[in-house]
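Heads up: the structure comes next, in structure tokens.
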Amino acid sequence: MKFDKKTVVITGAGSGIGRACALEFAQQGATTVIADINFESAEETVSMIKKRSGVAHAVKTDVSDPESVKGLVDFTLKINGEIHVLVNNAGIQINKTVELTGFEEWNKQMSINVGGVFLCSKFFLPHLKKTKGNIVSMSSMNGFFAEPDCAGYCATKAAIIGLTRAMAIDHGHEGIRVNCICPGYIDTGLAEGYFQSQPDPAQSRKDAGKLHALWRIGKPEEVARVVTFLASDHASFVTGSAYIVDGGFGSGLPPK
Ligand SMILES: NC(=O)c1ccc[n+]([C@@H]2O[C@H](COP(=O)([O-])OP(=O)(O)OC[C@H]3O[C@@H](n4cnc5c(N)ncnc54)[C@H](O)[C@@H]3O)[C@@H](O)[C@H]2O)c1
């Protein structure tokens with residue numbers, strides 16, 4: 001299997017896309033580290049993986065807190081002594097315009113979505129250098145296209161694309177690849193939160209599907225399969241990329 005003898009850390013793996021990534025990596029032979037601020041949900045992911053005979057360990061982590069991220073690094077290295085793949089997936093979405101976003105909300109979203117990528121990458125990079133490992137971070141099609149009522153979120157996702165390119169340039173010569181993924185709408189709690197913030201949530205959910213060429217929103221496992229591809233040796237010449245997994249977002253006009 002592709003990830004036999006590999007240790008993979010996935011942040012925000014207690015639900016949604018992160019959980020699907022963890023299941024996919026474990027299915028492909030990886031030892032997975034399930035890092036989430038919600039320890040109970042991280043443990044649920046672990047038990048799902050163990051039921052399928054995979055290997056997983058849960059650890060409570062707040063990606064916006066340097067001490068917590070250092071704890072994640074120590075926890076990971078105690079398992080097999082090394083790390084091969086870091087998936088920076090944890091994220092939140094505050095569904096507000098700039099005018100309505102509070103200063104604390106702005107800082108919180110920035111420090112989880114962008115600060116989390118910075119801190120986890122910073123503290124795992126010395127160890128990724130030893131294995132010539134790689135990083136995959138979760139951006140969004142909102143890194144390219146803005147949508148109403150989530151201004152700060154769009155800013156964080158564009159920042160992840162910039163950070164990905166910069167880290168790829170700084171660390172490519174050390175054999176480290178750094179990529180990010182830009183999903184369209186994916187059926188998770190985070191997307192549901194956005195629908196619920198709109199005046200007619202049911203209609204908003206329905207309309208969201210039609211924003212995509214495929215006329216539907218995506219499933220977490222459809223993103224996870226691309227994450228494992230990017231993290232694998234099959235993508236050995238892919239770095240600095242913002243890999244689009246969006247079902248053709250923005251081209252979903254009704255057929256003539
Ligand atoms: N669902 C979508 O439509 C969509 C589209 C594009 C990008 N994304 C991105 O995918 C990623 C995963 O989102 P999702 O849709 O699976 O949402 P989700 O809410 O299901 O999962 C997010 C996970 O992150 C965890 N988390 C939140 N704050 C954390 C922190 N400080 N430290 C550690 N863990 C924390 C949560 O507990 C949760 O388990 C996010 O970065 C999101 O921005 C989602």
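Please treat every number below as a calculation from the coordinates, not as lab data. Worth saying up front: this structure is predicted, and the values here are computed from it rather than measured. Virtual Cβ from ideal backbone geometry, glycine too; neighbours counted across all protein chains shown.
At full extension, M48 and K206 could sit 53.9 nm farther apart than now, given 0.36 nm per residue minus the alpha carbon distance.
With the highest mean first, a sort of the peptides 5-16, 222-233 on other beta-carbon atoms found within 10 angstrom per residue produces 5-16, 222-233.
Among 100-112, 17-29, 71-83, how do they line up by average Cβ neighbours within 10 Å per residue, starting with the highest? Mind dumping the intermediate values first?
Values: 100-112: 14.6, 17-29: 25.3, 71-83: 16.3.
Output ranking for 100-112, 17-29, 71-83: 17-29, 71-83, 100-112.
Relative to the present Cα-Cα distance, how much length would full extension add between K122 and A213 at 0.36 nm per residue of separation? Intermediate results must be reported in sequence, preceding the final value.
On the way: separation 91, 0.36 × 91 = 32.76 nm, distance 3.72 nm.
Length difference between fully extended and current span is 29.0 nm.
Mind ranking 177-186, 116-125 by how tightly packed they are, going by the mean number of other C-beta atoms within 10 angstrom, highest first? Provide the component values of the computation, followed by the final result.
On the way: 177-186: 25.7, 116-125: 21.7.
Final packing ranking: 177-186, 116-125.
Calculated FRET efficiency, Q198 and F237, Cβ-Cβ r, R0 35 Å, to nearest 0.05? Walk me through the numbers before you get to the answer.
Numbers: r = 41 Å, r/R0 = 1.17.
Computed FRET efficiency for Q198 and F237: 0.30.
On full extension, the segment bounded by S251 and F145 gains 36.9 nm, given 0.36 nm per residue less the C-alpha separation.
For K60, the aspartates and glutamates whose Cα falls under 16 Å of its own Cα, not counting residues fewer than eight places away in the same chain, are D36, E40, E43, E44, D74.
Using C-alpha pairs below 8 Å separated by at least 6 residues, the relative contact order for the range 60-112 is 33 percent.
For the chain, return all DSSP H helices satisfying: extent of Cα atoms along own axis at least 20 Å; mean Kyte-Doolittle hydropathy at least 0.5. Write out the running numbers ahead of the final one.
On the way: long enough: 66-80 (22 Å, 0.10); 115-131 (24 Å, 0.45); 151-171 (30 Å, 0.66).
Once both thresholds are applied, what remains is 151-171.
Based on C-alpha pairs under 8 angstrom that are at least 6 apart in sequence, the chain has a relative contact order of 18 percent. The share of alpha-carbon pairs in the chain lying farther apart than 33 Å comes to 15%. Relative to one another, the C-alpha centroids of the range 60-129 and the range 192-256 are positioned 23 Å apart.
Relative contact order (percent) for the range 67-149, with alpha-carbon contacts under 8 angstrom and 6 or more residues of separation? Kindly include the intermediate steps, with their values, before the conclusion.
Working: 65 pairs, mean separation 38.5, N = 83.
Relative contact order for the range 67-149 comes out at 46 percent.
In summary, the lysines within cross-link reach of K129, defined as a Cα separation below 19 angstrom excluding same-chain residues under 8 places away, comprise K5, K6, K70, K78.
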